[in-house]
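Report on one structure; see the data block that follows.
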Amino acid sequence: MVHQYKNNGYNIVLDVNSGAVHVVDDVVYDVIPFMEKGEPDENIVSSLKEKYGIEEIEEAVSDCRELKEAGFLFTEDNYKPSIEAFKKRPTVVKALCLHIAHDCNLACRYCFAEEGEYHGRRALMSFEVGKQALDFLIANSGNRRNLEVDFFGGEPLMNWQVVKDLVEYGRSQEKLHDKNFRFTLTTNGVLLNDEIMEFCNKEMANVVLSIDGRKEVNDKMRPFRNGSGSYDLIVPKFKKFADSRNQEKYYVRGTFTHENLDFAEDVLHLADMGFKQVSVEPVVASPEEEYAIREEDIARICEEYDKLAAEMVKREREGRGFTFFHFMIDLTGGPCVYKRLSGCGSGTEYLAVTPWGDFYPCHQFVGEEEFLMGNVFDGIKREDIQEEFKGCNVYAKDKCRDCFARFYCSGGCAANSYKFHGSINDAYDIGCELQRKRVECAIMIKAALAEESEE
Amino acid sequence: MKHIKTLNTQTLQNTLKKGGCGECQTSCQSACKTSCTVGNQSCENNK
């Protein structure tokens, strides 16, 4: 399967199953669809000879054939048996999302956690519950060495002492069990101070700092409970924090909605403030919400991604580039095909833990009672849920079969699929469209910068 | 090759052999909490 497209002046050919990316001239671009269909050479020549010279067409055909023989073009998807065998391995848990506080000091309009409360009550995780969670993780992680623990909420800084105590406890266990904890923190910044920054710089492998972009955009969606905006309070703190981490190992992370479809401006606003690691993603909301992304927004959003990608290439060439998480792609050393096809790990390798210790398949399922899997004291009680998530992969989804992006999104988000279709084995269609566009832009950026490095 | 520039020669097939160690980052632990962006995680098996 081949996916070919034109973007920002580049003709790009992605050989989907090998992951090989080719930048081609017009004649090859036009030859490829014929070759993919298995047309004989004389048909290709006769179909294209009005547009190109015969010799040129023959060269293009020969180049394509060479790539095919080398395994870089027209390759087959023969991974299914390997993935199915891989998925039968015993489940280990390697990552937890700890809901350290089901409470929040902001009242963001789009919050899937409903202002931190997740369809439930306000609560803070006790040290004892958190400790049990870490013990469970160590005990169930098999031979995985890197264990990931994200302090999430609500707003985790509303329960900061417990975060610190859990980090200390985790560190005390590392040597005993030959594990390496990677702690991360997701915060809205309201309570951020120097002491917290210093602690995080020592202990947190990554921090995610929530901000949506321009002041008016951020403040409309991310107000305090009294309605006032959060931008002015958080921006200086985030700037200081990012600098204190040498502009690495963090993301400023925002959400865009129907109300700021010009979100490239928000990404660039964050970059213009000096942030080098930026992540801004589309809101996922019920269609009845006025801020929800609609199908008719897709074309506009795709234009905006194109605009952002072109601007990123320009800035990179000027020596003032930045990273946009959703355009990150590693064409030479990215994840293995097992990782790419077996899904995000929710419900199996990755679990969310509520303040009172309940397990859910991921942070987005918290509060959906039919997905309650067990708790930190008794372990996993609903192995059927675990099995269902284990079986959820690219090959289990009809919509992924002919999609070129399946090696980049790994079948998409199970929670989004469930929200829109009532099943984890479907796919959230708007999300898919946007994901495909992002993959195209990400590859175009690589093509543009590869050209640069040659000159 | 006159008409084609290939950006990468490390193919997905090659990763079948030694892949699957599971040490790489879980995607939602990085910077997405509402989408699935597995393709941009780094492999930790070649370090």
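The values are calculated or read from the model by the stated rules, or taken from the named source; none is laboratory data. Since this is a predicted model, take the numbers as computed values, not measurements. Cβ: placed from backbone, ideal geometry, glycine included. Neighbour counts: every protein chain shown.
Per the listing A:N206, A:N188, the residue uniquely of a type in the set (S, T, N, Q) and more than 12 Å from every other protein chain (Cβ to nearest Cβ) is A:N188. Taking the criterion of being free of Cβ contacts under 8 Å to residues at least 12 places away in the same chain and surrounded by 22 or more Cβ atoms within 10 Å (Cβ to Cβ), the residues of segment B:5-25 that qualify are B:L12, B:G22.
A:E55 falls short on exactly one of the conditions (1) in contact with a Phe, Trp or Tyr (Cβ under 9 Å, 6 or more places away or on another chain); (2) farther than 30 Å from A:G345 by Cβ; (3) among the charged types (D, E, K, R), and that condition is (1). None of A:D212, A:D272, A:D243, A:D232 is crowded, with 23+ Cβ neighbours inside 10 Å, farther than 22 Å from A:V439 by Cβ and not β-branched (V, I, T) except A:D212.
Within segment A:93-111, can one find any residue that is within 12 Å of another protein chain (Cβ to nearest Cβ), under 30 Å from A:F127 (Cβ atoms), of a type in the set (V, I, T) and buried (at least 18 other Cβ atoms within 10 Å of the Cβ)? For segment A:93-111, residues within 12 Å of another protein chain (Cβ to nearest Cβ), under 30 Å from A:F127 (Cβ atoms), of a type in the set (V, I, T) and buried (at least 18 other Cβ atoms within 10 Å of the Cβ): present.
For segment A:184-253, please list each of the helices (runs of 4 or more DSSP H) lying entirely inside it that holds at least 2 residues being at pLDDT 95 or above and of a type in the set (K, R).
Details: elements: A:194-203, A:215-221, A:231-244.
Passing ranges, in order: A:215-221, A:231-244.
Pairs meeting the criteria (first residue in segment A:335-347 and surrounded by fewer than 24 Cβ atoms within 10 Å (Cβ to Cβ), second residue among the basic types (K, R) and in a helix (DSSP H, G or I), beta carbons under 6 Å, at least 6 apart or on different chains) are lacking.
Candidates A:A285, A:A292, A:A309: the one that is among the aliphatic types (A, V, I, L, M) and buried (at least 23 other Cβ atoms within 10 Å of the Cβ) is A:A309. Looking across segment A:248-269, the residues that are more than 20 Å from A:R315 (Cβ to Cβ), surrounded by fewer than 24 Cβ atoms within 10 Å (Cβ to Cβ) and more than 13 Å from chain B (Cβ to nearest Cβ) come down to A:H258, A:E259, A:L261.
Which ones in segment B:1-32 are more than 7 Å from chain A (Cβ to nearest Cβ) and closer than 29 Å to A:S453 by Cα? Listed by number, the residues that qualify are B:T9, B:N14. Within segment A:314-332, the set of residues being under 21 Å from A:Y5 (Cα atoms) and surrounded by fewer than 21 Cβ atoms within 10 Å (Cβ to Cβ) comprises A:K314, A:M328, A:I329, A:D330, A:L331, A:T332.
Evaluate the following for A:D378: is it farther than 25 Å from A:E128 by Cβ and either β-branched (V, I, T) or surrounded by fewer than 20 Cβ atoms within 10 Å (Cβ to Cβ) (or both)? Answer is no for this residue.
The set of residues in segment A:321-343 that are within 7 Å of chain B (Cβ to nearest Cβ) and either aliphatic (A, V, I, L, M) or not in a helix (DSSP H, G or I) (or both) comprises A:M328, A:I329, A:D330, A:L331, A:T332, A:G333, A:G334, A:P335, A:C336, A:V337.
Tell me, which helices (runs of 4 or more DSSP H) wholly within segment A:54-150 include 2 or more residues that are modelled with pLDDT under 95 and under 26 Å from B:C21 (Cα atoms)?
A:80-87
Return the only residue of A:A450, A:A415 being farther than 24 Å from A:A309 by Cα, modelled with pLDDT under 95, within 11 Å of another protein chain (Cβ to nearest Cβ) and part of a helix (DSSP H, G or I). Only one candidate passes the filter, namely A:A415. The condition (being over 17 Å from A:M444 (Cα atoms) and within 12 Å of chain B (Cβ to nearest Cβ)) is satisfied by just one residue among A:Y10, A:Y29, A:Y52: A:Y52.
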